[in-house]
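What follows is a short report on a single structure.
The values are calculated or read from the model by the stated rules, or taken from the named source; none is laboratory data. This structure is a prediction, so every number in the text was calculated from the model and none was measured. Reconstructed Cβ throughout: ideal geometry from the backbone, glycine too, with neighbour counts over all protein chains shown. Remember, those area values only see protein heavy atoms, side chains included, never the ligands or the DNA or RNA. Shrake-Rupley method; radii C 1.70, N 1.55, O 1.52, S 1.80 Å.
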Amino acid sequence: MEGPTQRVQGLTTVEAAELLKRYGPNEVREERESPWLALARKFWAPVPWMLEAAIVLTVLLGRQADAVIIAFLLVFNAVVGYAQENRAGNALALLRKRLAINSRVLRDGRWQMVPARELVPGDAVHVRVGDIVPADLQLLEGDLQLDQSALTGESLPREASPPDTIYSGSVVQRGEATGEVVSTGAATYFGKTAQLVQSASTATHLEATIFSIVSYLMVIDVLLVIAVLAFALLVGVPLLEVLPFALIVLIASVPAALPATFTVAQALGAVEMARRGILVTRLSAIEEAAMMDVLCTDKTGTITTNQLSLGTIRAYPPFTSGQLLELGALASDSATQDPIDLAILQARSGQAGGGDYERVSFTPFDPATKRTEATARREGEKVRIVKGMPEIVASLSREPVGDLPRDVDALAAQGYRVLAVAVGPEGNLRLAGLLGLMDPPRPDSAKLIAELGRLGIRVKLVTGDTAPTALAIARQVDIGQQVCSPQGLQAGAGADPTRCDIFAGVYPQDKYNLVRSLQQAGHVVGMTGDGVNDAPALKQAEVGTAVASATDVAKAAASMVLTTPGLVDIVGAVESSRRIYQRMLTYTLNKIIKTFQVALFLSLAFFLTRTFVITPFLIVLLLFANDFVTMSIATDNVGYSLKPDRWHVSSLMASSGLLALGVLAESFLVLYLATDVFRLAIPQLQTLVFTMLVFSGQATVYLVRVRGHFWTARPSWPLMIASAADIAVVTFLASQGILMAPVALPLVLAVLAIAVLFMLLMDPVKLTVFRPFGLA
């Protein structure tokens, strides 16, 4: 194929092959985890460990039926979690696809098309309009205008000429040039971004929360079992009779449905968010969004429209603003599709009048001269019109304006891209004035920032643009005015990112470092963006959110994707996430209270009666009658808090322990009635205790589901139907003697009445208990 005249020799095929062995292909390698390994990980966590221990113990005690039921619970949790989390996309695959292009390369003294993955350092490559730059190139000849918005976040095109370096992933908008490959694959600017995406790992607080809860429950179990064993030795109870008690306590304390409930709550939340135009690709981000207290947002295309517009006109006498705009429009042309020209022409189209000039010729923007030119005729006189960088245009003018440098600096400080316009006969140009262009904020951005502030979330502007531009935008949307440079985010720099409102001139590594720094400072971080440059930070952040206009790479790296322009939907995402948090908090409080109740009640009852007041089988049945039925909490009607939510497990344990004392009193009241009033036999006693644990468990759900009085919010229909069905089925089984010894229906209904009575009595107590722990 034909190519441009080239001063360099390029490489031979043999040299390229040797270098390819040395540097490897020009591609981003990715590491894929086996699906089987990902599924196996679901069996390696605190809750699975407890279930697995219960299976081993039940088998050793010869209770194969119980072991099968517990194994079902184990597999159910694993499959639900794996199926939901497997929906996440893979950003690295899209990064590799982006590099799968062909390039014009000088090999063996002739220009030829070569797959981009075969490029090596030293290759001579030619690029032209429409090309994606295939590797990092140092320009040798030619001039280019590049779209680097996906890489750097800057909305304005970049001009490049020898000896500039241009980066892989950039798109050539104008011109053509030849350059020498200096970096390929992972060593390129683009490839380093891909490596950041691969190395980024989102911190999840949910696993730590579950582990902490399980740790507390395990400690309680161990202490109670030790106490019971010691008591058994003192009173002479055989060890083989005590082992079933250890099994009962273990099974009763395992939060078997906790992971599945959290997953179901998040999955239902994902469906709810999808209806609102928010696609969730990583379920744990829903819970993290409720905890988010810092949101780092990109500027271009996120806070701003990513569309240049003419923001200000400063005409120099004798020219008027209208005349200046007309001259600027004459030196612009829509055929070039240059964003600067289009912005000026758009502004001109909205003004009436003018038309004094007739354009004769037009010279498009040239990166070498940094200006556009036009020739026009006015009243028979031909004039030259120049539009471009102020210093260039001023140098061509016969009488530069004395205030020009001050005016340019003042406009730049307001965030404008400043252009100058001059007009006059050839060799006698006169400066007509300055045009200031800006990528303006979206109309809804200021409201968005205010809404996020109302929810206790601090917004930080993070952009590749200059500090004056970033500050000007931040002021318009009321983000703040404390500007910091990205240098302080480097490893070991020791800067405090929490004090800064704006980070300007940042690169992908800086955004990634910022998110990590904030996480290390104890914040739960959200990150929004739209470009390849945002992908590493989007993946690292707990709540990575890609906007509607984002590249595929950014969407794949994010955990949430907005489908409507702007960020307004992120407010809805936070509100929905906080509702989901309240549902998960209800389930957790209920489970901890029930665990305290069951473990303490069974242990103390053994001390008092030297009898096991419930059987291992009924405890397993209790898991279904309580834990899995109360999974319907995931659908409950709840409100949301106006501050970021946090899992304070120690506070949950303390408040739940205090409330468990009331439920414990209820348990011993039923035990007293069964043994001393109704004088039931052991099998009937165990049935009545089972019904008490089921009914009090359902009552506890309604007690804690609202942090105020229980009647202030109507439960969801699925929750009420599940509770009614649970109570009806258990009442039928107990009264008919199915799977347990029969108990008279009036006794079962009496236990139900006691559960309702205790719920009413404990409601004001709940407020007193919750208030010091910040739960009310």
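Anything in segment 505-521 that is within 16 Å of Gly531 (Cα to Cα) and open to solvent by 20 Å² or more (accessible area, probe 1.4 Å)? List them, or say none.
At the first step, the residues of segment 505-521 found to be within 16 Å of Gly531 (Cα to Cα) are 505-512.
Residues satisfying the conditions are Gly505, Tyr507, Gln509.
Looking at Gln520, Gln509 in this structure, which one is in contact with a helix residue (DSSP H, G or I) (Cβ under 9 Å, 6 or more places away or on another chain) and over 26 Å from Thr263 (Cα atoms)? Full working, then the answer.
Details: Gln520 fails: in contact with a helix residue (DSSP H, G or I) (Cβ under 9 Å, 6 or more places away or on another chain).
After applying the criteria, what remains is Gln509.
Consider Asp496 carefully, then state whether it is modelled with pLDDT under 85 and open to solvent by 30 Å² or more (accessible area, probe 1.4 Å). Criteria met by Asp496. A single member of Thr563, Thr528 is among the hydroxyl-bearing types (Ser, Thr, Tyr), within 11 Å of the chain's Cα centre (by Cα) and under 26 Å from Pro440 (Cβ atoms), and it is Thr528.
Within segment 47-66, does at least one residue satisfy the condition of being β-branched (Val, Ile, Thr), open to solvent by 30 Å² or more (accessible area, probe 1.4 Å) and modelled with pLDDT under 75? Scanning segment 47-66, I find no residue that is β-branched (Val, Ile, Thr), open to solvent by 30 Å² or more (accessible area, probe 1.4 Å) and modelled with pLDDT under 75, so the answer is no.
For the subset of segment 5-31 comprising residues that are at pLDDT below 85, farther than 24 Å from Pro162 by Cα and open to solvent by 100 Å² or more (accessible area, probe 1.4 Å), which member is nearest to the chain's Cα centre (by Cα)? The residue in question is Glu31. Screening Asp338, Asp293 for residues that are of a type outside the set (Val, Ile, Thr) and touching a Pro at 6+ places or on another chain (Cβ under 7 Å) leaves exactly one candidate, Asp293.
With respect to (1) crowded, with 18+ Cβ neighbours inside 10 Å; (2) more than 13 Å from Ala755 (Cβ to Cβ); (3) of a type in the set (Val, Ile, Thr), the lone exception for Thr691 is condition (2).
Gly122 - would you say it is of a type in the set (Gly, Ala, Ser), over 31 Å from the mean Cα position of the chain (by Cα) and either modelled with pLDDT of 85 or more or more than 30 Å from Gln173 (Cβ to Cβ) (or both)? Give the derivation first.
On the way: of a type in the set (Gly, Ala, Ser): yes; over 31 Å from the mean Cα position of the chain (by Cα): yes; either modelled with pLDDT of 85 or more or more than 30 Å from Gln173 (Cβ to Cβ) (or both): yes.
In short, yes.
Checked against (1) open to solvent by 30 Å² or more (accessible area, probe 1.4 Å); (2) touching a helix residue (DSSP H, G or I) at 6+ places or on another chain (Cβ under 8 Å), Asp763 meets all criteria but (1).
Determine whether Ile70 is under 15 Å from Leu250 (Cα atoms), assigned to a helix (DSSP H, G or I), at pLDDT 70 or above and in contact with a Ser or Thr (Cβ under 7 Å, 6 or more places away or on another chain).
yes
Can you pull out every residue in segment 276-323 that is hydrophobic (A, V, I, L, M, F, W, C) and assigned to a strand (DSSP E or B)? Working first, answer last.
If we filter segment 276-323 for residues that are hydrophobic (A, V, I, L, M, F, W, C), which is where we start, we get 278-280, 283, 285-286, 289-292, 294-296, 303, 308, 310, 313, 315, 319.
Those that are hydrophobic (A, V, I, L, M, F, W, C) and assigned to a strand (DSSP E or B): Ile278, Leu279, Val280, Val294, Leu295, Cys296, Leu310, Ile313, Ala315.
Would you mind stating whether Pro715 is more than 19 Å from Thr595 (Cα to Cα), under 46 Å from the mean Cα position of the chain (by Cα) and surrounded by 21 or more Cβ atoms within 10 Å (Cβ to Cβ)? Yes; evaluated as a whole, the condition is true for this residue. Just so you know, in segment 135-153 the residues that are touching a Ser or Thr at 6+ places or on another chain (Cβ under 7 Å), closer than 23 Å to Ala550 by Cβ and not in a strand (DSSP E or B) include one that is modelled with the highest pLDDT, and it is Gln148.
Which members of segment 450-478 meet the condition of being of a type in the set (A, V, I, L, M, F, W, C), open to solvent by 20 Å² or more (accessible area, probe 1.4 Å) and either in contact with a Phe, Trp or Tyr (Cβ under 6 Å, 6 or more places away or on another chain) or modelled with pLDDT of 85 or more (or both)?
Of all residues in segment 450-478, those of a type in the set (A, V, I, L, M, F, W, C) come to 450, 452, 455, 457, 459, 461-462, 467, 470-474, 477.
In the following step, the residues that additionally are open to solvent by 20 Å² or more (accessible area, probe 1.4 Å) were identified as 450, 467, 471.
Scanning segment 450-478 gives Ala450, Leu471.
Pairs linking a residue in segment 752-776 that is more than 15 Å from Arg705 (Cα to Cα) to a residue that is assigned to a helix (DSSP H, G or I) and charged (D, E, K, R), with Cβ atoms under 6 Å and 6 or more positions apart or on different chains, are Phe758/Glu666.
Among the residues making up segment 666-683, those that are open to solvent by 50 Å² or more (accessible area, probe 1.4 Å) and either part of a loop (DSSP other than H, G, I, E, B) or without any contact (Cβ under 8 Å) to a residue 60 or more places away in the chain (or both) are Tyr672, Asp676, Val677, Phe678, Arg679, Ala681, Pro683.
Could you please find all residues in segment 694-712 being over 20 Å from Ala744 (Cα atoms), among the polar types (S, T, N, Q) and buried (at least 21 other Cβ atoms within 10 Å of the Cβ)?
The first filter runs over segment 694-712 and keeps only residues over 20 Å from Ala744 (Cα atoms), leaving 697-712.
Of the ones still in play, those that are also among the polar types (S, T, N, Q) are 698, 700, 712.
Correct list: Gln698, Thr700.
On the basis of being more than 37 Å from the chain's Cα centre (by Cα) and surrounded by fewer than 16 Cβ atoms within 10 Å (Cβ to Cβ), does Ala725 make the cut? Quick ask: steps written out before the conclusion?
On the way: more than 37 Å from the chain's Cα centre (by Cα): yes; surrounded by fewer than 16 Cβ atoms within 10 Å (Cβ to Cβ): yes.
Answer is yes for this residue.
Has segment 285-299 got at least one residue that is surrounded by fewer than 24 Cβ atoms within 10 Å (Cβ to Cβ) and at pLDDT below 80? No, there is no match, as no residue in segment 285-299 is surrounded by fewer than 24 Cβ atoms within 10 Å (Cβ to Cβ) and at pLDDT below 80.
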